[in-house]
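Student: I'd like to ask you about the structure that follows.
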Amino acid sequence: MKNDAYLNAHSQLYKAAAEISLDEEILTKLDKPEHLHKRVLSIELDNGESREFLAFRSQHSSILGPYKGGLRFHEEVSEEEVTALSMWMSWKCSLMGLPWGGGKGGIKLDPHELSKTELERLSRAYVDVFQDVLGENTDIPAPDVNTNETIIGWMVDEYTKKTGKDGKKVFTGKPLDLGGSRGRTEATGFGGAYILSELSEAEGLQPENTTIAIQGFGNVGYYFAELAFDLGYKIVAISDSKTALYNPSGIDPRNAGEYKKNTSSLAGFEDASTITNAELLELDVEILVPSALENVINEENAYKIKADYILELANGPVTKEADEILDNRLIVVIPDIIANAGGVSVSYFEWQQNQTGVQLSKDEVLQKLEKLMKETFRKVWKIQQDKSISTRLAAYVVALERIASKYKANN
Ligand code: NAD
């Protein structure tokens, strides 16, 4: 497997394994998924022609419980990418103390090329081919890049129809009327803002003096920006795949979000000047928040990063080479497995609500989330300080130790 994301995940695992002297046998197991499912989906397009798509589900580790992880619709989806993403899900669930292992799936396509009806057929086709490997006690998918609660709703319906079992228990990130949780849509972005708040507390940062640049203005980037703005931080740059915007006096994310909703793009937004996505990453800000895709901070630009802190809301945005460069330059990286763990945490609250039949209010969900995110951050931060290691390594230490002790308890 040569994909950068996988090489990154592999190298992070080995580094953390060395730190805690992880048993060789466990390490070998954790370096690859328990199952990697690959299928070809065939759907009929609106014009009557048929088209095929490659689809994947990686089930990394079930030692802590059912596989858990999102579904991504993107041109770059590959066997290696879903493998890496499923590994990160295992560490994330472990770090957050959830009774789940890691999974991840995806379909290789540019979803913007398909109509809504074609997307629905494709989402249903995914469930048709993978119905036997998904299940409330085996593998529980959720939304990720270019997927959302509507897509999850189609999948719930398809799963229920095809298997006769309750699909609502098998997917999280569902629409509210299908048993979704209040606060799930905001959870990953808001969770990142809770971490930012706790980081500020630890490092003595004042929100009003703290500038932020955010790459990616989708579900995660938008809600992060919204809460960070409300907490008084200054958002000076945002971007989507086509446009990056900069205003040193600050951008109101709600205005930008409204504009994007109306025009489907950030291009032409008047309250800011246009820069490139590469320039956004190199802005002289306190906090840089990659919230789009993997490997955007790499050997080529790591020397040019001027931010003091990187908050990884995307999964795997920093390559292993860049991680070392940033570490040497004393730039603090708050790793994905804690920074973006808000989504899977509220997925867990959703799953609990489905089991108990008790619906929490949005405030209750967000309070629970804030408490969990901040407590976990403090635990990781303390290890980072006590051991003088990077925050990433500290987070991996907590995650891997829990997995290792479960292996030992089972043997
Ligand atoms: P999304 O599809 O809602 O948004 C992605 C955003 O990134 C869009 O604004 C898109 O235009 C932008 N983008 C894509 N390519 C880009 C590029 N090359 N440069 C700049 N921007 C680009 O997806 P999302 O759910 O917000 O996920 C974003 C990241 O967060 C992913 O890495 C995902 O794995 C991670 N994540 C998501 C969740 C979740 O709950 N949705 C949870 C944990 C982690």
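The values are calculated or read from the model by the stated rules, or taken from the named source; none is laboratory data. In this text the structure is predicted, and so the values were computed from the model without any measurement. Here the Cβ is made from the backbone with ideal geometry for all residues, glycine too, and neighbour counts use every protein chain on show. Heads up: the accessible areas ignore ligands, DNA and RNA and are worked out on the full protein's heavy atoms, side chains in. Shrake-Rupley method; radii C 1.70, N 1.55, O 1.52, S 1.80 Å.
Student: Determine whether the stretch 169-192 contains at least one residue that is within 20 Å of G102 (Cα to Cα) and away from the ligand (no atom under 16 Å from the Cβ).
Tutor: Yes, the conditions are met somewhere in the stretch 169-192.
Student: So the check is Cβ under 7 Å with 6+ separation or different chains; which pairs have a first residue in the stretch 194-216 that's without any contact (Cβ under 8 Å) to a residue 40 or more places away in the chain and a second one that's open to solvent by less than 20 Å² (accessible area, probe 1.4 Å)?
Tutor: These pairs meet every condition: S200/T210; P207/S200; P207/Y233.
Student: Next up: Output the number of residues of the stretch 47-66 satisfying the condition of being closer than 19 Å to G173 by Cα and open to solvent by 20 Å² or more (accessible area, probe 1.4 Å).
Tutor: The total comes to 1.
Student: Do we find a residue being more than 16 Å from the ligand (Cβ to nearest atom), closer than 28 Å to L54 by Cβ and outside any helix (DSSP H, G or I) anywhere in the stretch 111-119?
Tutor: Yes - at least one qualifying residue is present in the stretch 111-119.
Student: Counting just the residues of the stretch 137-148 that are surrounded by fewer than 21 Cβ atoms within 10 Å (Cβ to Cβ) and either more than 21 Å from the chain's Cα centre (by Cα) or over 19 Å from K165 (Cα atoms) (or both), which one comes out nearest to the ligand (Cβ to nearest atom)?
Tutor: First, the residues of the stretch 137-148 that are surrounded by fewer than 21 Cβ atoms within 10 Å (Cβ to Cβ): 137-138, 148.
When the remaining residues are screened for being either more than 21 Å from the chain's Cα centre (by Cα) or over 19 Å from K165 (Cα atoms) (or both), the result is 137, 148.
Values: N137: 22, N148: 7 Å.
My answer is N148.
Student: Could you please give the count of residues in the stretch 331-346 that are in a loop (DSSP other than H, G, I, E, B), more than 10 Å from the ligand (Cβ to nearest atom) and surrounded by 22 or more Cβ atoms within 10 Å (Cβ to Cβ)? Show your work before the answer.
Tutor: To start, the set of residues in the stretch 331-346 that are in a loop (DSSP other than H, G, I, E, B) comprises 331, 335, 340-341.
From what's left, more than 10 Å from the ligand (Cβ to nearest atom): 331, 335.
This time we only want the ones that are surrounded by 22 or more Cβ atoms within 10 Å (Cβ to Cβ), so: 335.
Within the stretch 331-346, residues that are in a loop (DSSP other than H, G, I, E, B), more than 10 Å from the ligand (Cβ to nearest atom) and surrounded by 22 or more Cβ atoms within 10 Å (Cβ to Cβ) number 1.
Student: For the stretch 311-330, name all the residues that are of a type in the set (A, V, I, L, M, F, W, C), part of a loop (DSSP other than H, G, I, E, B) and in contact with a helix residue (DSSP H, G or I) (Cβ under 9 Å, 6 or more places away or on another chain).
Tutor: L313, A314
Student: Mind checking which residues of the stretch 120-136 are in a helix (DSSP H, G or I) and either of a type in the set (S, T, Y) or open to solvent by 10 Å² or more (accessible area, probe 1.4 Å) (or both)?
Tutor: Within the stretch 120-136, E120, R121, S123, R124, A125, Y126, D128, V129 meet the criteria.
Student: I need the full set of residues from the stretch 11-28 which are open to solvent by 30 Å² or more (accessible area, probe 1.4 Å) and in contact (Cβ under 8 Å) with a residue 24 or more places away in the chain, in order please.
Tutor: S11, K15, E19, I20, D23
Student: If I filter the stretch 241-258 for residues that are within 16 Å of the ligand (Cβ to nearest atom) and at pLDDT below 95, do I get at least one hit?
Tutor: For the stretch 241-258, residues within 16 Å of the ligand (Cβ to nearest atom) and at pLDDT below 95: present.
Student: Can you report the number of residues in the stretch 165-186 which are closer than 23 Å to Q59 by Cα and either open to solvent by 60 Å² or more (accessible area, probe 1.4 Å) or in a strand (DSSP E or B) (or both)?
Tutor: Residues that pass the stated criteria total 4.
Student: Right, next: Being in contact with a helix residue (DSSP H, G or I) (Cβ under 6 Å, 6 or more places away or on another chain) and not aliphatic (A, V, I, L, M) is true for just one of S249, S264, S239. Which residue is that?
Tutor: S239
Student: If you scan the stretch 50-73, which residues turn out to be without any contact (Cβ under 8 Å) to a residue 40 or more places away in the chain and under 20 Å from V129 (Cα atoms)?
Tutor: Of everything in the stretch 50-73, those that are without any contact (Cβ under 8 Å) to a residue 40 or more places away in the chain and under 20 Å from V129 (Cα atoms) turn out to be S50, R51, E52.
Student: While we're looking at this one, here's another question. Please list, ordered by residue number, the helices (runs of 4 or more DSSP H) wholly in the stretch 192-309 having 3 or more residues that are farther than 29 Å from G70 by Cα.
Tutor: Numbers: elements: 219-230, 253-263, 277-281.
Here the list is empty.
Student: Same structure again: Given (1) without any contact (Cβ under 8 Å) to a residue 24 or more places away in the chain; (2) under 20 Å from the mean Cα position of the chain (by Cα); (3) open to solvent by less than 50 Å² (accessible area, probe 1.4 Å), identify the lone condition not met by F349.
Tutor: The failed condition is (1).
Student: If you don't mind, there's one more thing I want to ask. Report, by residue number, each residue of the stretch 265-294 that is at pLDDT 95 or above, open to solvent by less than 50 Å² (accessible area, probe 1.4 Å), of a type outside the set (S, T, Y) and within 24 Å of the chain's Cα centre (by Cα).
Tutor: Selection gives L266, N277, L280, L281, E282, L283, V285, I287, L288, V289, P290, A292.
Student: Mind listing just one residue for me: the one in the stretch 67-88 that is open to solvent by 10 Å² or more (accessible area, probe 1.4 Å) and under 23 Å from T185 (Cβ atoms) and, of those, farthest from the ligand (Cβ to nearest atom)?
Tutor: Looking at residues that are open to solvent by 10 Å² or more (accessible area, probe 1.4 Å) and under 23 Å from T185 (Cβ atoms), I get Y67.
Student: With the condition kept exactly as written, say whether any residue in the stretch 354-374 is in a helix (DSSP H, G or I), at pLDDT 95 or above, β-branched (V, I, T) and under 17 Å from K92 (Cα atoms).
Tutor: There is no residue in the stretch 354-374 that is in a helix (DSSP H, G or I), at pLDDT 95 or above, β-branched (V, I, T) and under 17 Å from K92 (Cα atoms).
Student: Turning to a different aspect of this structure: Taking into account only those residues within the stretch 150-164 that are within 16 Å of the ligand (Cβ to nearest atom) and of a type in the set (A, V, I, L, M, F, W, C), which is surrounded by the most Cβ atoms within 10 Å (Cβ to Cβ)?
Tutor: The extreme case among them is M155.
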